[in-house]
Ligand code: NAD
Ligand code: USQ
């Protein structure tokens, strides 16, 4: 298949492009390097050094003979969106290209507006480009488990059968997200469902949980193929941050009591899920939703798992929670559709945490410790950190 990976320079987009290419698909990536720009703005860098996109592509060609196409541009520029769909003529488009940090979207007005403009308009441009140029294209869109929030009922895969006053219907599952970033994903999901309904497009919305890990079999082939690994309080995600904190002897930063529970997934399963979604497309007119997680854990359980895996003594700090989220809540998620397609999950208990510690140790000298503590507060917007 011809697969276009939008956001192909990012943490997940790059390993996905390699995985799809390694599986024999013809792949092109597109990116505007916004993510590298946020690093410059925040004064941090990926813990693991990353090569320029063009170098990574050349290394992959050198090792495998496979050429990955490359488009540099911004999805919010409609002409760019139309050009890449026309020129590459993909069968499937995997859309990772959004601002993805909840704290970044909560810094202040301009970061909230930027996040929603970038994400919602980029996605809309893409929907129009697909509808006008080739509505057969399957859109595989990265959503997030955070779209649902933490309701006091079971979370289904995108849709809910409802009975009300004696009548029944199948509705989009109600959403109650916890940041302007997560809200942008809800807006995207609604726009995609609408486009499937009115234009007969085909789409899979992957409501993914928090990703952990840094290597896939493809990125591990050469250090110049490494993907990014973020540790700062804005872009670093919980499990990756805890590993890095454990390695440099910093207390693990549990927000609040650590009773909040989140769906999790290993980066090796992320790339496989994308492959499965692309190779088993949605039908025309179908808005399909998969919950892309393999297990769920409370933040306290994650901290305990990292503490017990660490060869060094690890201290856990309970910080006042800078976010507004439920401290303790019900959490039960249906996530069977990707398993039915063939996903064989890597669980945290049998995962290679040791190798994550190993990679982290190699680059620990690159950590800026002051970037580890949260500065963005949900209740009071602050100036740019
Ligand atoms: P990332 O920031 O590392 O990668 C996103 C890439 O998209 C970056 O390279 C960025 O430069 C590019 N991009 C952003 N806006 C763009 C635009 N307007 N035009 C072109 N390129 C643009 O993020 P990631 O961690 O790889 O996440 C990828 C996707 O997966 C995101 O949509 C995110 O919401 C979703 N997701 C991530 C996680 C996670 O834990 N990392 C979990 C669930 C869902
Ligand atoms: N947390 C801590 N300590 C930390 C960092 C986080 O206790 O040092 C807590 C947060 O309060 C939150 C949970 O850990 O309850 C998860 O936070 P996170 O920063 O790891 O993840 P989140 O902000 O939800 O965002 C990440 C990705 C985002 C993706 C989302 C999936 O950045 O792109 O959409 O995970 S989900 O959480 O399922 O919505």
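The values are calculated or read from the model by the stated rules, or taken from the named source; none is laboratory data. As the structure is a computational prediction, the values presented were derived from the model and not from experiment. Glycine gets a Cβ as well: all are built from the backbone with ideal geometry, and neighbour counts include every protein chain shown.
If only residues of region 216-247 that are part of a loop (DSSP other than H, G, I, E, B) and more than 17 Å from residue 36 (Cβ to Cβ) are counted, the one that is nearest to ligand 2 (Cβ to nearest atom) is 237.
Residue-wise test of (1) farther than 30 Å from residue 5 by Cβ; (2) in contact (Cβ under 8 Å) with a residue 24 or more places away in the chain; (3) part of a helix (DSSP H, G or I).
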position: 271; (1), (2), (3): no, yes, yes
position: 305; (1), (2), (3): yes, yes, yes
position: 314; (1), (2), (3): yes, yes, no
position: 321; (1), (2), (3): yes, yes, no
position: 324; (1), (2), (3): yes, yes, no
position: 329; (1), (2), (3): yes, yes, no
position: 343; (1), (2), (3): no, yes, no
position: 346; (1), (2), (3): no, yes, no
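Among the residues of region 27-40, is there at least one that is closer than 16 Å to residue 220 by Cα and crowded, with 16+ Cβ neighbours inside 10 Å? Checking region 27-40: not a single residue is closer than 16 Å to residue 220 by Cα and crowded, with 16+ Cβ neighbours inside 10 Å. Within the group 180, 194, which residue is more than 12 Å from ligand 2 (Cβ to nearest atom) and farther than 25 Å from residue 15 by Cα? Only one candidate qualifies: 194.
Within region 154-202, the set of residues being free of Cβ contacts under 8 Å to residues at least 60 places away in the same chain, farther than 20 Å from residue 139 by Cβ and within 19 Å of the chain's Cα centre (by Cα) comprises 176, 177. Taking the criterion of being under 13 Å from the mean Cα position of the chain (by Cα) and away from ligand 2 (no atom under 14 Å from the Cβ), the only residue of region 136-153 that qualifies is 140.
If you go through region 1-48 and keep only what is within 13 Å of ligand 1 (Cβ to nearest atom), in contact with a strand residue (DSSP E or B) (Cβ under 9 Å, 6 or more places away or on another chain) and assigned to a loop (DSSP other than H, G, I, E, B), you end up with 7, 8, 9, 10, 11, 12, 32, 33. Does at least one position in region 352-359 carry a residue that is assigned to a loop (DSSP other than H, G, I, E, B), surrounded by fewer than 18 Cβ atoms within 10 Å (Cβ to Cβ) and modelled with pLDDT under 95? Yes, region 352-359 has at least one match.
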